[in-house]
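Data block below; observations after.
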Amino acid sequence: MQLTIRDLLPVYFEEERKKRSEIWGKEIVFQKGELTKIIAPSGSGKTSLMHFLYGIRREYTGDILYDQQSLQTIDPETLSGFRSSQVSIVFQDMRLLPEQTVMENLEIKRQLNPYHNEDKVRQMAERLGVGSKLASLGRTCSYGEQQRIAIIRSLMQPFDFLLLDEPFSHLDNRNAEKAMELMLEEAAVRGASIIFADLERIDFFPFTRLFYL
Amino acid sequence: MALSFKPIRPLLQTGTNKSSRLFSYAGLGIGVLLLLCAIQMYINIQSLLREGSIRKNGFDYISITKNVTAETQGQEEKNLFRQTDIDELKKQPFIDGVEPLLANDFHVKLSAGAMIPFRTDMFLEALDNSYIDTVPPSFAWQPGQRSVPIILSSDFLEIYNVFAPGQGLPQISRETATSLAVNIHCEGREKEEIFVGRIAAFSDRINSVLVPKSFLDWANQEFGKGREVSATRLFIKTKDANNPDFLRFLDGKDYKLNKDKTILGRNKMVIDGIFSGLGIFGLLVVILALMLFSFYLQLVIARSRDSLQLLLTIGYSPAWLSRNFSKRFIPVYITIVLTALLVTQLAQWAFHHFVMFDRPELSSFIHWGVWLVGVVLIILSIVTNYRLVRKLLYRLY
């Protein structure tokens, strides 16, 4: 799969932004296997960009293409197909089901298009330090734990692109590094691309492309 | 690993709306029951009154005679209908047709043969076929034919069965009567001929002994006195026998109307109307219940909005979710409609057995049309439900 952005700009941003940004107003093609880092200070539209790329918001001008299909006109069934097998995401606000256990949260995602077996899920949880939390309800987990669970959830499916929207905002460096290591491994196994948007440069992400939003 | 709805089910918050859900189920059940019962009763009424109806092709058929009073008795010309009377009637806007009941102009006797020692003077009449309520295909006659089909008034059979025991004669059923042959003796112009009469049908509308018009025309010519035969009775075809203008006209002419038969027709219309109304009411209750149920679904989806939205965000297909969400209610719909069908069946059995005393025109089982309506209702509920849920989920996307 190939992801293309073409002259993209949120409708609530002034045209001026296109001049200062390396993303807004440009045409960029993201290929499988690339590790892309997008450095974006607060208010530069980082979350908007990730939501646009994942297709959950459409308040923009320009276009985003999954292969040759525009996200502005894609039908919900096709888009859900992309989301379950080609594009995965870690949201900044985690988005777990609060009344389900951690394991249920992961299973609901995993059964959609299973890439790993249940044992592997437990291994991943152990590796990121949330193995003891699998039976706890989503709402009882701390933000840091929720963030790690959201990361594991994003790895439950096959994907060509993994979108990361400030995935370590509630994690200390050690835990962030572990999580990054896991994601890099998983992306490498799939030959997938990571598009990682964050406030600043992070040393443990070996990007192959760098953009300033 | 097949995609399962089981882990999704707890995300749909339905528990706290149990009473509103039960209300909509009950409403749907009552509506469906009313609708099915109304349809079944409507079918019952059609079967019961099919023979007794004086209405045919949307018209009332009624007979009129001239009022025989102390002054007019014995004066044939005043008590019979002339062609001018018929022409005048035909001109009236509320009358759609007039046909005279043609009478015999010769002497007729009836005998029942050797089995039943019964012999009586009789009369024969003929009427245009379109005015007769029950015309079997065998009701036709051609010159040379020995057997003559007869349509007999149901009332006559009843009267016969009343006086038969007193006269030492056997009482007979409709079925027996139609299988019996009677001898029709036609006398006149110094000759006599015997024909074999067979009852082809019974009429609830016409109090007469009807033979095919072709037979009476032929017999009047053959045995008759050769005079012009005037009608004592006329049959009138009208859209509405209770039209005040029509009744006023008849009163003005001093014609006598056979009102009983129109009352039967009107009663049927009223009963038809009541059950049609009940059916429409049932349908409205069904629609109301479906609407109530759709509000309940909307409420469930609104309450579970965050979870459903998250499922869609992480890649669940809205069509799959709608299908599986709607599927949960299929057993409910089937149970409701099947229960309503079962109750309708019980009601029909009780009606047939206890109210109608197992009359052969009716069945103890519900009509296939009622089953069909039940199946259509199940399909309708499932489809409307699925469409609603899908619409709501697409809106969340």
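The values are calculated or read from the model by the stated rules, or taken from the named source; none is laboratory data. If you're wondering where the values come from, they're calculated on a predicted model, not measured in any experiment. Quick reminder, even Gly has a Cβ in these numbers, built from the backbone with ideal geometry, and neighbours come from all protein chains shown. Protein only, heavy atoms only, side chains kept; ligands, DNA and RNA dropped before computing areas. Shrake-Rupley method; radii C 1.70, N 1.55, O 1.52, S 1.80 Å.
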- prompt: Out of the stretch B:262-321, which residues are at pLDDT below 80 and among the basic types (Lys, Arg)?
  reply: B:Arg266, B:Lys268
task: Could you tell me whether any residue of the stretch A:143-165 is away from every other protein chain (no Cβ under 13 Å), surrounded by fewer than 21 Cβ atoms within 10 Å (Cβ to Cβ) and not charged (D, E, K, R)?
output: yes
query: Of all residues in the stretch A:92-110, which are surrounded by fewer than 17 Cβ atoms within 10 Å (Cβ to Cβ) and within 10 Å of another protein chain (Cβ to nearest Cβ)?
result: A:Pro98, A:Glu99
query: Are any residues in the stretch B:310-332 free of Cβ contacts under 8 Å to residues at least 60 places away in the same chain, crowded, with 17+ Cβ neighbours inside 10 Å and away from chain A (no Cβ under 14 Å), and if so, which ones?
result: B:Phe329
message: Exactly one condition in (1) touching a Pro at 6+ places or on another chain (Cβ under 8 Å); (2) open to solvent by 60 Å² or more (accessible area, probe 1.4 Å) is false for A:Arg57; which is it?
response: (1)
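From the list A:Gly33, A:Gly62, exactly one residue is in contact with a Leu (Cβ under 9 Å, 6 or more places away or on another chain), open to solvent by less than 60 Å² (accessible area, probe 1.4 Å), more than 14 Å from chain B (Cβ to nearest Cβ) and not hydrophobic (A, V, I, L, M, F, W, C). Which is it?
Answer to the check: A:Gly62.
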message: Whether any residue in the stretch A:198-205 is surrounded by 13 or more Cβ atoms within 10 Å (Cβ to Cβ), over 22 Å from A:Gly129 (Cα atoms) and either touching a strand residue (DSSP E or B) at 6+ places or on another chain (Cβ under 8 Å) or in contact (Cβ under 8 Å) with a residue 40 or more places away in the chain (or both) is what I want to check.
response: yes
Single condition B:Ile150 does not satisfy, out of (1) under 17 Å from B:Pro136 (Cβ atoms); (2) not in a strand (DSSP E or B): (2)
- line: By residue number, the members of the stretch B:1-22 that are more than 14 Å from chain A (Cβ to nearest Cβ) and at pLDDT 80 or above are B:Leu22
- request: Test each condition in (1) open to solvent by less than 50 Å² (accessible area, probe 1.4 Å); (2) more than 13 Å from chain B (Cβ to nearest Cβ); (3) not in a loop (DSSP other than H, G, I, E, B) for A:Gly129 and report the one that comes out false.
  value: (3)
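So which residues in the stretch B:297-309 are away from chain A (no Cβ under 14 Å) and loosely packed, with under 15 Cβ neighbours inside 10 Å? If you could, list the steps in order and put the result at the bottom.
First pass over the stretch B:297-309, keeping only residues away from chain A (no Cβ under 14 Å): B:297-302.
Residues satisfying the conditions are B:Gln298, B:Ala302.
Quick check, is B:Arg390 exposed (fewer than 12 other Cβ atoms within 10 Å of the Cβ), of a type in the set (Lys, Arg) and more than 20 Å from the chain's Cα centre (by Cα)? So that I can check it myself, show each step before the final result.
Working: exposed (fewer than 12 other Cβ atoms within 10 Å of the Cβ): no; of a type in the set (Lys, Arg): yes; more than 20 Å from the chain's Cα centre (by Cα): yes.
No, not satisfied.
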task: Go through the stretch A:141-165 and count every residue that is within 21 Å of A:Leu97 (Cβ to Cβ) and assigned to a loop (DSSP other than H, G, I, E, B).
output: 6
query: Tell me, which strands (runs of 3 or more DSSP E) wholly within the stretch A:1-72 include 3 or more residues that are not hydrophobic (A, V, I, L, M, F, W, C)?
result: A:3-10, A:60-66
field: Restricting the stretch A:36-54 to residues that are open to solvent by 10 Å² or more (accessible area, probe 1.4 Å), touching a strand residue (DSSP E or B) at 6+ places or on another chain (Cβ under 7 Å) and among the hydroxyl-bearing types (Ser, Thr, Tyr), the residue that is farthest from A:Phe13 (Cα to Cα)
entry: A:Thr47
- prompt: Does B:Leu372 satisfy being loosely packed, with under 15 Cβ neighbours inside 10 Å, part of a helix (DSSP H, G or I) and more than 14 Å from chain A (Cβ to nearest Cβ)?
  reply: yes
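Name every residue in the stretch A:111-125 that is at the interface with chain B (Cβ under 8 Å from one of its Cβ atoms) and either assigned to a strand (DSSP E or B) or surrounded by fewer than 21 Cβ atoms within 10 Å (Cβ to Cβ) (or both), in order of residue number.
Matches in the stretch A:111-125: A:Gln111, A:Asn113, A:Pro114.
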- prompt: Which of the residues that make up the stretch B:119-175 are in contact with a Pro (Cβ under 7 Å, 6 or more places away or on another chain) and hydrophobic (A, V, I, L, M, F, W, C)?
  reply: B:Ala126, B:Phe139, B:Ala140, B:Trp141, B:Ala164
